[in-house]
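Heads up, the thing below is written out as structure tokens.
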Amino acid sequence: YTILSKVHSDRNVYPSAGVLFVHVLEREYFKGEFPPYPKPGEISNDPITFNTNLMGYPDRPGWLRYIQRTPYSDGVLYGSPTLENVGKPTIIEITAYNRRTFETARHNLIINIMSAEDFPLPYQAEFFIRNMNVEEMLASEVLGDFLGAVKNVWQPERLNAINITSALDRGGRVPLPINDMKEGVYVMVGADVPFSSCLREVENPQNQLRCSQEMEPLITCDKKFRTQFHIDWCKISLVDNTKQVSTFQEVIRGEGILPDGGEYKPPSDTLKSRDYYSDFLITLAVPSAVALVLFLILAYIMCCRREGVEKRNMQTPDIQLVHHSAIQKSTKELRDMSKNREIAWPLSTLPVFHPVTGEIVPALHADTYDNTSMPLMQTQQ
């Protein structure tokens, strides 16, 4: 069952451990605590948001969640209390903010968690509903319809809603704002009888193969939910708490398992000092000595065994030296003669008449110009 209550100042509620707890923060109640609009008779529709926290702490307890989709919708506190908080009153401070006047109103919600005799229920099933948001599923009539459909399929004597979780809290992505897509919600229910054959159909090899291929499994009782709830049967989780799973597992030794080395004994505090002189010699001194020897050999070859011009001439035959000297002398004479020769000036360098005044324009070169470096064609100006 679900505990559903309205907002009142210092309200006491008594949820049971392991059963879904829902508390609605209604905006209509807080409207009377804020000043109305200046015009008399005008209906107030101020945007109101809520902040909830455990008294003395900045956040809520770990089992309690809060959601409010817009400032014009009601806020909802929901969660599944745990056995650790049984008998301990939990005081939740509720602060309402009027976004028009920036005024606040504070109330306290005292949660007294009671222990349940049938907690925990031995058989638990978690369904993923794709066409619902968490605040839609928390509505009493919608949750009641879902529990009625589960009861028709499961046929238990006791059936409780244990917890509701948004798909976004499980790592889901925010849906695109097209075709009114929903974020999805996980609903966990518990019962006192084993799972029905319809719920066990998900474990069939054929349905497991279809789920691995991202295909819809064939579930006979899906039509009882399809009219209002679209259930992803590939994500259903069935937990049987009656089967006690032993935490002790016998270790079978084989490949990949190290033998038991006994208790770990850390090294003593009095460690012997280590001499790093030999490591220094091997790491730095030896490579440095080898590099120095190679450097000296290269320096001797490059500096001490140079063959100069005199040694080269002594090893060269005389007739070859005479020929080489004659070639150098002839080359020098040709260069001197080329500097003193006279060449004909190009037509582009001769005097011309000015096209406008008719005056004779002097040549581009002067009499003292060095004609040996004059190119054959002058640049036109």
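The values are calculated or read from the model by the stated rules, or taken from the named source; none is laboratory data. Note that this is a predicted model, so its numbers are computed, not measured. Cβ: placed from backbone, ideal geometry, glycine included. Neighbour counts: every protein chain shown. Each accessible area value is taken on the protein alone, full model and side chains, heavy atoms only, with ligands, DNA and RNA left out. Shrake-Rupley method; radii C 1.70, N 1.55, O 1.52, S 1.80 Å.
So that you can scan it fast, the table gives a plain yes or no per residue for (1) among the hydrophobic types (A, V, I, L, M, F, W, C); (2) in contact (Cβ under 8 Å) with a residue 40 or more places away in the chain:
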{"position": "Leu138", "(1), (2)": "yes, yes"}
{"position": "Pro175", "(1), (2)": "no, no"}
{"position": "Val185", "(1), (2)": "yes, yes"}
{"position": "Ala191", "(1), (2)": "yes, yes"}
{"position": "Pro194", "(1), (2)": "no, yes"}
{"position": "Glu216", "(1), (2)": "no, no"}
{"position": "Phe225", "(1), (2)": "yes, yes"}
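Taking region 83-164 as the region of interest, the strands (runs of 3 or more DSSP E) fully inside it that hold 1 or more residues being touching a Ser or Thr at 6+ places or on another chain (Cβ under 9 Å) and among the β-branched types (Val, Ile, Thr) are 90-98, 104-111. Put simply, of Asn160, Asn108, Asn85 the only residue that is assigned by the TED database to the domain that holds Asp232 and in contact (Cβ under 8 Å) with a residue 60 or more places away in the chain is Asn160. Considering only region 69-77, I want to know if a residue exists there that is in contact (Cβ under 8 Å) with a residue 60 or more places away in the chain, surrounded by 13 or more Cβ atoms within 10 Å (Cβ to Cβ) and among the acidic types (Asp, Glu). Among the residues of region 69-77, not one is in contact (Cβ under 8 Å) with a residue 60 or more places away in the chain, surrounded by 13 or more Cβ atoms within 10 Å (Cβ to Cβ) and among the acidic types (Asp, Glu), which makes the answer no.
When the residues of region 40-63 are filtered to those that are over 17 Å from Tyr29 (Cα atoms) and touching a residue at least 40 places away in the same chain (Cβ under 8 Å), the one that is surrounded by the fewest Cβ atoms within 10 Å (Cβ to Cβ) is Met55. Residue pairs whose Cβ atoms lie under 8 Å apart, separated by 6 or more positions or on different chains, with the first residue in region 10-25 and in a loop (DSSP other than H, G, I, E, B) and the second among the aromatic types (Phe, Trp, Tyr) and surrounded by fewer than 22 Cβ atoms within 10 Å (Cβ to Cβ), are Ala17/Phe119; Gly18/Phe119; Val19/Tyr1; Val19/Phe119. Screening Phe102 with (1) at pLDDT 90 or above; (2) under 37 Å from the mean Cα position of the chain (by Cα); (3) farther than 24 Å from Val187 by Cβ gives one miss only, at (1). If I filter region 304-317 for residues that are modelled with pLDDT of 85 or more and part of a helix (DSSP H, G or I), do I get at least one hit? No: region 304-317 contains no residue that is modelled with pLDDT of 85 or more and part of a helix (DSSP H, G or I).
When Ser5 is tested against (1) polar (S, T, N, Q); (2) surrounded by 12 or more Cβ atoms within 10 Å (Cβ to Cβ); (3) out of contact with any His (no Cβ under 8 Å at 6 or more places or on another chain); (4) at pLDDT below 85, only condition (3) is not met.
When Ser140, Ser196 are screened for being in contact with a helix residue (DSSP H, G or I) (Cβ under 6 Å, 6 or more places away or on another chain), at pLDDT below 90 and open to solvent by 10 Å² or more (accessible area, probe 1.4 Å), only Ser196 passes. Screening Val189 with (1) open to solvent by 20 Å² or more (accessible area, probe 1.4 Å); (2) out of contact with any Pro (no Cβ under 8 Å at 6 or more places or on another chain) gives one miss only, at (1). Pull up region 78-112, narrow it to residues that are in contact with a Gly (Cβ under 9 Å, 6 or more places away or on another chain) and within 27 Å of Leu238 (Cβ to Cβ), then point me to the one that is surrounded by the most Cβ atoms within 10 Å (Cβ to Cβ). Applying the filter and picking the extreme gives Pro81.
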